[in-house]
Amino acid sequence: ADLTPLLYGVKPPQWRSHVYYHFYESYDETHQVAKHEGVFDGRYKLIHFYEIDEWEFFDCESDPYEMHNRIDDAKFRSEVNVLKTELANLKRQYEVETPL
C-alpha cells in the first residue's frame with residue numbers, strides 16, 4: 001500500500017481509530033514493567049495489567065508523561081468504558097488470547 005498520502009495528512013478510507021498493543025515482558029532486573037495490554041485512540045490510553053487485574057487510564061493531551069492515572073476519575077468514566085469496549089473488540093479482531 002502506498003503510504004505517501006499519510007505524509008500529507010490524508011487519511012485513507014477505513015483508517016483505524018484505535019491502536020492495540022501488548023507488552024509480553026515481565027519484571028526483571030532491567031525492566032520494571034508488568035505484562036500488560038492496552039489501547040490508544042490518539043488522546044486517551046487504557047492499560048490493563050492482566051496478571052494482577054489492574055487498570056490505568058491516561059489523558060495524554062493534558063498528561064503527556066502519563067503521571068496521573070485517572071481510572072477512578074468519574075469525569076472520564078465514559079471514555080474508560082469506550083476504550084474497554086474497543087480493547088475487547090480489537091482483541092477479538094486480532095484473535096488475541098490473554099495469557100495467564
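Worth a mention:
- Only a single criterion out of (1) in a loop (DSSP other than H, G, I, E, B); (2) in contact (Cβ under 8 Å) with a residue 40 or more places away in the chain; (3) open to solvent by less than 60 Å² (accessible area, probe 1.4 Å) is not satisfied by LYS91, namely (1).
- The sole residue among ALA1, ALA88 that is within 15 Å of the chain's Cα centre (by Cα) and either of a type in the set (A, V, I, L, M) or at pLDDT 95 or above (or both) is ALA88.
- Some residue of the stretch 12-28 being surrounded by 14 or more Cβ atoms within 10 Å (Cβ to Cβ) and free of Cβ contacts under 8 Å to residues at least 40 places away in the same chain: yes
- The residue of the stretch 64-82 that is surrounded by the fewest Cβ atoms within 10 Å (Cβ to Cβ), among those that are under 15 Å from the mean Cα position of the chain (by Cα) and either in contact (Cβ under 8 Å) with a residue 60 or more places away in the chain or not in a helix (DSSP H, G or I) (or both), is TYR65.
- If you go through the stretch 42-63 and keep only what is among the aliphatic types (A, V, I, L, M) and open to solvent by less than 70 Å² (accessible area, probe 1.4 Å), you end up with LEU46, ILE47.
- Being at pLDDT 95 or above and under 19 Å from VAL96 (Cβ atoms) is a description that applies to HIS48.
- Unique residue being at pLDDT 95 or above, within 25 Å of GLN93 (Cβ to Cβ) and touching a helix residue (DSSP H, G or I) at 6+ places or on another chain (Cβ under 6 Å) when the list is PHE40, PHE57: PHE57
The values are calculated or read from the model by the stated rules, or taken from the named source; none is laboratory data. Here the structure is a predicted model, which means the values were calculated and not measured. Quick reminder, even Gly has a Cβ in these numbers, built from the backbone with ideal geometry, and neighbours come from all protein chains shown. Keep in mind that these areas ignore ligands, DNA and RNA; they rest on the heavy atoms of the full protein, side chains included. Shrake-Rupley method; radii C 1.70, N 1.55, O 1.52, S 1.80 Å.
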